[in-house]
Amino acid sequence: MQTPASYRGRFAPSPTGPLHFGSLVAAVGSYLDARHQQGEWLLRVEDIDAPREVAGATDDILRTLELLHMEWDGPVVYQSKRTPLYEEALDELQRRGYLYQCGCTRKEIADSAIRTQAGAVYPGTCRNGLPPGRSPRSVRLRVNNTAVGMQDRLQSGLHQQLQTDTGDFIVRRADQLIAYQLAVVVDDADQGINHVVRGADLLESTPRQIYLQQLLGLPTPSYLHLPIATDAGNAKLSKQSFATPITTDDGHHAVLDALRFLHQALPDSPQDASLDELWKWAADHWDTGTIPACRVLPAPAQYAESAEHS
Ligand code: GLU
């Protein structure tokens, strides 16, 4: 008898600060979706962006997940240790003529570019060679004008015409670091991830990731983009805006709040259940059909005030 392909999901936090309510929602959603389907849940620390890393944040995030009794499968994977894999993918794209050096600064692009939902569209200035007098900064990937479509298990599907929606995008940054879009695609494939559950702030990035998967001959996982938690000013809760960290004294409460945020049913007297009982119950009753299919939702007030405002 053929067994169905087994579920493998992941949580991929960037260590730019402690876990806050927004990242907890992504952790809870990806964890329960995996456990509901008897799947594996892997943990990948996206620490490729060293300049944005905050000392101690990785340990802090791992410790919080442990204290919340969210058990991951296998060893934690660190992007910072996987550069050779990313370089291999870049070499292949280079050999096939998809890459070129770009001398534009971020400011020049911001000044001249058209903006779409996906961000500033690169106008193609260096596509046919660096203009005279310019030195190379970043490396870009050529896109074409075929539409890239994606289906999402929650949000409405998305089609992007990469040429007009994003333009050629960066795969190696001006500081020579590997760009997120490339690293995430290489990692998801290398780790055998077939289900991605993450925040809807990454929805607009997904067609670029699918394009890269297609170029590199990698499978496309199924995607579910959860609503992201916003603060009182409608901004995404983020580590950079010093969103209130989840502390483990109120961990039980925070898990219940994350379940409520995702419109999941709760057991009777949820405050009396142990964390392990709560996870078991929540995994059994996990229902993606009740999650609001919107990109943003206000966080409960106690998580929505950033330290900057308080
Ligand atoms: N590292 C990203 C973040 O913390 C998530 C990337 C992903 O899930 O694809 O926002």
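Does segment 34-45 contain at least one residue that is part of a strand (DSSP E or B) and of a type in the set (Val, Ile, Thr)?
yes
Being modelled with pLDDT of 95 or more and over 17 Å from residue 176 (Cα atoms) is the filter here; which residues of segment 126-142 pass it?
126, 127, 128, 129, 130, 142
Yes/no matrix, rows are residues, columns are (1) surrounded by fewer than 15 Cβ atoms within 10 Å (Cβ to Cβ); (2) touching a Ser or Thr at 6+ places or on another chain (Cβ under 7 Å); (3) more than 21 Å from residue 49 (Cα to Cα):
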position: 114; (1), (2), (3): yes, no, yes
position: 117; (1), (2), (3): yes, no, yes
position: 126; (1), (2), (3): no, no, yes
position: 146; (1), (2), (3): yes, no, yes
position: 156; (1), (2), (3): yes, no, yes
position: 173; (1), (2), (3): no, yes, no
position: 179; (1), (2), (3): no, no, no
position: 183; (1), (2), (3): no, no, no
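Tell me which residues, restricted to segment 192-207, are away from the ligand (no atom under 12 Å from the Cβ) and either assigned to a loop (DSSP other than H, G, I, E, B) or in contact with a Pro (Cβ under 8 Å, 6 or more places away or on another chain) (or both).
Within segment 192-207, 192, 194 meet the criteria.
So for segment 121-144 (the condition being of a type in the set (A, V, I, L, M, F, W, C) and within 15 Å of the ligand (Cβ to nearest atom)), does at least one residue qualify?
no
Please find, within segment 159-187, the residue that is farthest from the ligand (Cβ to nearest atom) out of those that are of a type in the set (Asp, Glu) and outside any loop (DSSP other than H, G, I, E, B).
So, considering only residues that are of a type in the set (Asp, Glu) and outside any loop (DSSP other than H, G, I, E, B), the one farthest from the ligand (Cβ to nearest atom) is 165.
Among (1) closer than 20 Å to residue 71 by Cα; (2) of a type in the set (D, E, K, R); (3) more than 15 Å from the ligand (Cβ to nearest atom), there is one condition residue 268 misses while meeting the rest; what is its number?
Going through (1) closer than 20 Å to residue 71 by Cα; (2) of a type in the set (D, E, K, R); (3) more than 15 Å from the ligand (Cβ to nearest atom) one by one, residue 268 breaks only (1).
Scan segment 209-226 residue by residue and report those that are within 13 Å of the chain's Cα centre (by Cα) and either part of a helix (DSSP H, G or I) or more than 14 Å from the ligand (Cβ to nearest atom) (or both).
209
With the condition kept exactly as written, say whether any residue in segment 290-298 is under 22 Å from residue 153 (Cβ atoms), surrounded by 13 or more Cβ atoms within 10 Å (Cβ to Cβ) and in contact with a helix residue (DSSP H, G or I) (Cβ under 6 Å, 6 or more places away or on another chain).
yes
Which ones in segment 268-284 are out of contact with any His (no Cβ under 6 Å at 6 or more places or on another chain), more than 15 Å from residue 253 (Cβ to Cβ) and surrounded by 15 or more Cβ atoms within 10 Å (Cβ to Cβ)?
Within segment 268-284, just 281 meets the criteria.
Taking only pairs six or more apart or across chains, which ones have beta-carbon atoms under 6 Å, a first residue in segment 40-64 that is under 24 Å from residue 29 (Cα atoms), and a second residue that is surrounded by fewer than 21 Cβ atoms within 10 Å (Cβ to Cβ) and basic (Lys, Arg)?
If the second residue must be surrounded by fewer than 21 Cβ atoms within 10 Å (Cβ to Cβ) and basic (Lys, Arg), the pairs left are 40/8.
Out of the residues in segment 201-243 meeting the condition of being under 26 Å from residue 60 (Cα atoms) and crowded, with 22+ Cβ neighbours inside 10 Å, tell me which one is modelled with the lowest pLDDT.
Ranking the qualifying residues of segment 201-243, first place goes to 243.
Could you look through segment 27-53, keep only residues that are of a type in the set (Gly, Ala, Ser) and crowded, with 24+ Cβ neighbours inside 10 Å, and pick out the one that is nearest to the ligand (Cβ to nearest atom)?
30
Quick check on segment 63-86. Is at least one of its residues within 16 Å of the ligand (Cβ to nearest atom), out of contact with any Cys (no Cβ under 9 Å at 6 or more places or on another chain), closer than 24 Å to residue 282 by Cα and part of a helix (DSSP H, G or I)?
yes
Is it the case that residue 57 is more than 21 Å from residue 283 (Cα to Cα) and modelled with pLDDT of 95 or more?
Details: more than 21 Å from residue 283 (Cα to Cα): yes; modelled with pLDDT of 95 or more: yes.
Here the answer is yes, as residue 57 does meet what is asked.
Which numbered condition trips up residue 151, out of (1) in contact with a Pro (Cβ under 8 Å, 6 or more places away or on another chain); (2) at negative phi; (3) away from the ligand (no atom under 16 Å from the Cβ)?
Only one criterion in (1) in contact with a Pro (Cβ under 8 Å, 6 or more places away or on another chain); (2) at negative phi; (3) away from the ligand (no atom under 16 Å from the Cβ) is unmet by residue 151, namely (1).
State which residue is nearest to residue 109 (Cα to Cα) when the search covers only segment 128-143 and only residues that are among the polar types (S, T, N, Q) and either surrounded by 13 or more Cβ atoms within 10 Å (Cβ to Cβ) or touching a residue at least 24 places away in the same chain (Cβ under 8 Å) (or both).
Ranking the qualifying residues of segment 128-143, first place goes to 138.
The values are calculated or read from the model by the stated rules, or taken from the named source; none is laboratory data. All of these numbers come straight from a predicted model, not from anything done at the bench. Every residue, glycine as well, gets a Cβ built from its backbone with ideal geometry; the counts of neighbours run over all protein chains shown.
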